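> Provided herewith is a single structure, encoded as structure tokens, for subsequent inquiry.
No value in this document is a laboratory result; all are computed from the given coordinates. Only a predicted model underlies this, so the values are computations on that prediction, with no experimental measurement involved. Neighbour counts run over all protein chains shown; Cβ positions are idealised from the backbone, glycine included.
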Amino acid sequence: MKVALILEDMPESQEMLREVAQTAYPGIRVCCVADVASALKMLDQFQFDLALIDLSLPDGEGKTVIEAMSARFPHSVIVVATIFDDDDHLFPALRAGAQGYLLKDQSPEQLVQQLRGISEGHPPLSPSIARRLLDHFREDKETIRAEAPEEALLTPREREVLVQLTRGISIADIGTVMNISRHTVGDHVKNIYRKLNISSRAEATMQARNMGLV
């Protein structure tokens, strides 16, 4: 039989989460506690398969329990259940070992559905949290691209093709010089144009000069 831990200090929320867990997984044994100290003691008594953990508790942070549980039960599924939807709570919880992040202001039916998705390999994430994660990593990628010099965006092979482009020879001739097919050269050219945000040989020549390649 599966065993779940619920760490929640508000009685109404604790009961709601208990019902959600039992509805999502009929027959599951649920242990409810209201503080960090009690949760840590529970880890010595049971091997938990699932945990629903609030982040702000009377005697500390739920993140402490997440770290302890992920270290002791690496195959368990640890899900944050909270009202906090900001980066300062989200990312530390995920770094601590949480595999899901649900907002308690959703309906119990939505929470049940998200927990059931675990068995199908879907991480339990509230929609707004999933969007926040996507936006975060998209912003990181755009920052890296904005800060990277043009030459860092190109592979060594693409830089070689860029140099050949500045000589004004045909795609076929570039392939002959580099001993690769014209189709491969064409793929490299498309990647170069996309990465450097250019659309002509003239622009390619200017970029190559700016990069010190010619």
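> Angle between the Cα long axis of helix 182-196 and the longest principal axis of the chain, 0 to 90 degrees, nearest 10?
With both axes taken from Cα atoms, the answer is about 60 degrees.
> According to the square roots a ≥ b ≥ c of the eigenvalues of the Cα gyration tensor, what is the shape class of the chain, taking rounded for a/c under 1.5, prolate for a/b larger than b/c otherwise, and oblate for the remainder?
Verdict is prolate for the chain.
> Among H75, H89, H183, H188, which comes first, second and so on when ranked by fewest other beta-carbon atoms within 10 Å?
H75, H183, H89, H188
> Calculate for the chain the 222 nm mean residue ellipticity that helices alone would give, adding -39,500 (n - 2.57) per DSSP H run of length 4 or more and normalising by residue count, nearest 500 deg cm²/dmol.
-16500 deg cm²/dmol
> I'd like the orientation of helix 127-147 relative to the chain: the angle between its Cα long axis and the longest Cα principal axis, in ° from 0 to 90, rounded to 10.
Taking the Cα atoms of the chain, the angle to 127-147 is about 30 degrees.
> Please find, in a Gaussian network model of the chain (springs between Cα atoms separated by less than 10 Å), the residue of S199, S126, S56 whose mean-square fluctuation is greatest.
S199
> Here's a follow-up. Could you work out how far helix 62-72 tilts from the main Cα principal axis of the chain, as a 0 to 90 degree angle to the nearest 10?
80
> Just want to confirm a number: the relative contact order over the range 3-129, from Cα pairs under 8 angstrom separated by 6+ residues, in percent.
About 23 percent, as a whole number.
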